[in-house]
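To keep things clear, I will list the structure first and then write my remarks on it.
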Amino acid sequence: MLGDDHMKEMKTVDAVGQILCHDITQIIKGVTKDARFRKGHVITSEDVPVLLSLGKDHIFIWENDETMLHEDEAAAVLRDLCIGEHMEASAPKEGKIELRATCDGVFQVDEARFDAVNALDEVTIATLPQNFPVKKGQKLAGMRVIPLVIKKDKMAEVQRVAGQGPLLRLRPYRTDLKVGVVTTGTEVYLGRIKDTFTPVIEGKLKRFGLTINEHRLSDDVKEHTEANIRELLELGMDLILCTGGMSVDPDDRTPAAIRDAGAEIVTYGAPVLPGAMFLLGYFQRDGRTVPVMGLPGCVMYAQATVFDMALPRILTGERLTRQEIRHWGIGGLCQGCPTCHYPVCGFQH
C-alpha cells in the first residue's frame, strides 16, 4: 500500500499536475456529502479554486519516483495482459479498467494463467464465469491494483507470471451455418401427434441468428434415420440436430443411426440434469467437421438444458471433448426456478 514515504504535503496553488493521495469530501447541506475529488486524481488548474473553497490550502500528493506506477498505469498493464480480440477497454477510472464485448459470443478464461496472476498480492481481476454466452456491449471483466501506487517490479512480476497471449478470449458465433434437423418417431412421422420439438429448436437457433435449413421426418427404423442424416450431410449442412429416439428404450435407435452414419461419438450421456441422454459427435465430410447432436426429450419442455450449455460453444466452432463434457457435472444440476434466468444462474457455472 501507499506508504508515508511517498506522501508529500504542499500548497494547493502549487499542486497542478500532482496526484492526490486521499479522497476530498464536499458537503453541501441538504444536497450532498460525497467525495469531490478521489484519491489518484490528477489536479488541474481548474481544480485549485474548488479545493481552496473546500478549505484545502494544503493537500497531500503522491511524490513520484521512478520505481513506482500510479494505479491507472498499473491497471493499463493488467488490461494489456487480459484483452483479446472482440473486446474493448474503458478508460481508467479511479484505478479500474473494464472490458466489454464488441460482438456476441462465448467468453473464456485461460484459467491456469489467470489464477496465477490473481494469486499475486496487490492485483485483482474479476470476470464473468467461464464459457459464459455474452451479447455485444456486455461487461466481461474488471481489473485494478489495490494500492494507489505499486512498484514497477511488482507489475513486471505480474507480466512474467501471465506469460504470452491474452488471458481472456471471446469466441464469436458463426452466423453462416446451415442447420439440418432429423425428427425421429413413428408417431410424428405418421401424423398421429404434432411435432412440438422442432419449433423449440427453431426458437433457440433464432437467438443466434440461425434457422433450420433442412428438416426431415423419420420413423423409428434405424436405417431410415441414418439415411436422413446422410442426406443432410450430402446437402452440405454444417450442423445436424436429431430429436426423438434418444432414450435407452429398445425401440429408441437414434444414437445407433448417428454412429452408423459415420459420426465419431464424443459422448452419449452427460452429467447434466436435465439432459442426461445427450449425444455429441462429429462427422468428417469433404474436409469439413460437422457436429451432430442427439437431443433428449427434456429440450422440448425444460427452459434450460444441456443443449443450452452445448449450443453456444458449438456455434463458435469450438470442438468439445468428452473430458470437458464429463466435467459439466459440477454446476450441471438445474434448480428449475419458476422464472428461468439462464445463463445468469448457477446452471453450468
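The values are calculated or read from the model by the stated rules, or taken from the named source; none is laboratory data. Source: prediction; values computed, not measured. Cβ sites come from the backbone with ideal geometry, for glycine too, and all protein chains shown count toward neighbours. Note: areas computed on protein heavy atoms with side chains; ligands, DNA, RNA excluded. Shrake-Rupley method; radii C 1.70, N 1.55, O 1.52, S 1.80 Å.
Pairing each residue of the range 311-335 that is open to solvent by 40 Å² or more (accessible area, probe 1.4 Å) with any residue that is among the polar types (S, T, N, Q), provided the two are 6+ apart or on different chains, yields C-beta distances under 6 Å for Arg322/Thr267. Return the residues of the range 272-289 that are touching a residue at least 40 places away in the same chain (Cβ under 8 Å), within 15 Å of Leu232 (Cβ to Cβ) and surrounded by 14 or more Cβ atoms within 10 Å (Cβ to Cβ); say none if nothing qualifies. Those that are touching a residue at least 40 places away in the same chain (Cβ under 8 Å), within 15 Å of Leu232 (Cβ to Cβ) and surrounded by 14 or more Cβ atoms within 10 Å (Cβ to Cβ): Phe283, Arg285.
Lys204 meets all of the listed conditions (1) in contact (Cβ under 8 Å) with a residue 60 or more places away in the chain; (2) not in a helix (DSSP H, G or I) but one, namely (2).
Here Glu231, Glu223 are screened, and the one residue that is touching a Lys or Arg at 6+ places or on another chain (Cβ under 8 Å), open to solvent by 70 Å² or more (accessible area, probe 1.4 Å) and farther than 30 Å from Trp62 by Cα is Glu231.
Among the strands (runs of 3 or more DSSP E) confined wholly to the range 1-104, which include 3 or more residues that are at pLDDT 80 or above and over 30 Å from Arg169 (Cβ atoms)?
On the way: elements: 7-11, 24-28, 32-37, 58-62, 68-70, 87-89, 96-101.
Where strands (runs of 3 or more DSSP E) fall fully within the range 1-104 and carry at least 3 residues being at pLDDT 80 or above and over 30 Å from Arg169 (Cβ atoms), they are 7-11, 58-62.
Per this entry, Phe132 is not counted among residues that are aromatic (Phe, Trp, Tyr) and over 9 Å from the mean Cα position of the chain (by Cα). Of everything listed in (1) open to solvent by 40 Å² or more (accessible area, probe 1.4 Å); (2) of a type in the set (Asp, Glu); (3) modelled with pLDDT of 95 or more, the single unmet condition for Asp249 is (3). Here Leu273, Leu295, Leu279, Leu333 are screened, and the one residue that is over 24 Å from Thr175 (Cα atoms) and in contact with a Cys (Cβ under 9 Å, 6 or more places away or on another chain) is Leu273. Looking at the range 120-139, which of its residues are polar (S, T, N, Q) and not in a strand (DSSP E or B)? Hits for the range 120-139 are Gln130, Asn131, Gln138.
Would it be correct to say that Lys154 is within 20 Å of the chain's Cα centre (by Cα), of a type in the set (Lys, Arg) and not in a strand (DSSP E or B)? Walk me through it before giving the result.
Details: within 20 Å of the chain's Cα centre (by Cα): no; of a type in the set (Lys, Arg): yes; not in a strand (DSSP E or B): yes.
Judged against the criteria, Lys154 is not a match.
Scanning the range 290-304 for residues that are open to solvent by less than 70 Å² (accessible area, probe 1.4 Å), farther than 19 Å from Arg259 by Cβ and out of contact with any helix residue (DSSP H, G or I) (no Cβ under 6 Å at 6 or more places or on another chain) returns Gly297, Cys298, Ala302, Ala304.
Pick out the one residue from Gly191, Gly142, Gly165, Gly180 that is part of a loop (DSSP other than H, G, I, E, B), small (Gly, Ala, Ser) and either surrounded by 16 or more Cβ atoms within 10 Å (Cβ to Cβ) or modelled with pLDDT of 95 or more (or both).
Every option except Gly165 fails the conditions.
More than 23 Å from Arg319 (Cα to Cα) and touching a Gly at 6+ places or on another chain (Cβ under 6 Å), is that true of Glu122? No; evaluated as a whole, the condition is false for this residue.
Go through Thr102, Thr44 for me and flag whichever is under 25 Å from Asp14 (Cβ atoms) and in contact (Cβ under 8 Å) with a residue 24 or more places away in the chain. Outline the logic, then answer.
Numbers: Thr102 fails: under 25 Å from Asp14 (Cβ atoms).
Exactly one of Thr102, Thr44 is under 25 Å from Asp14 (Cβ atoms) and in contact (Cβ under 8 Å) with a residue 24 or more places away in the chain, namely Thr44.
In contact with a Gly (Cβ under 8 Å, 6 or more places away or on another chain) and surrounded by 18 or more Cβ atoms within 10 Å (Cβ to Cβ) - does that describe any residue in the range 150-159? Lay out the reasoning, then the answer.
Of all residues in the range 150-159, those in contact with a Gly (Cβ under 8 Å, 6 or more places away or on another chain) come to none.
No, there is no match, as no residue in the range 150-159 is in contact with a Gly (Cβ under 8 Å, 6 or more places away or on another chain) and surrounded by 18 or more Cβ atoms within 10 Å (Cβ to Cβ).
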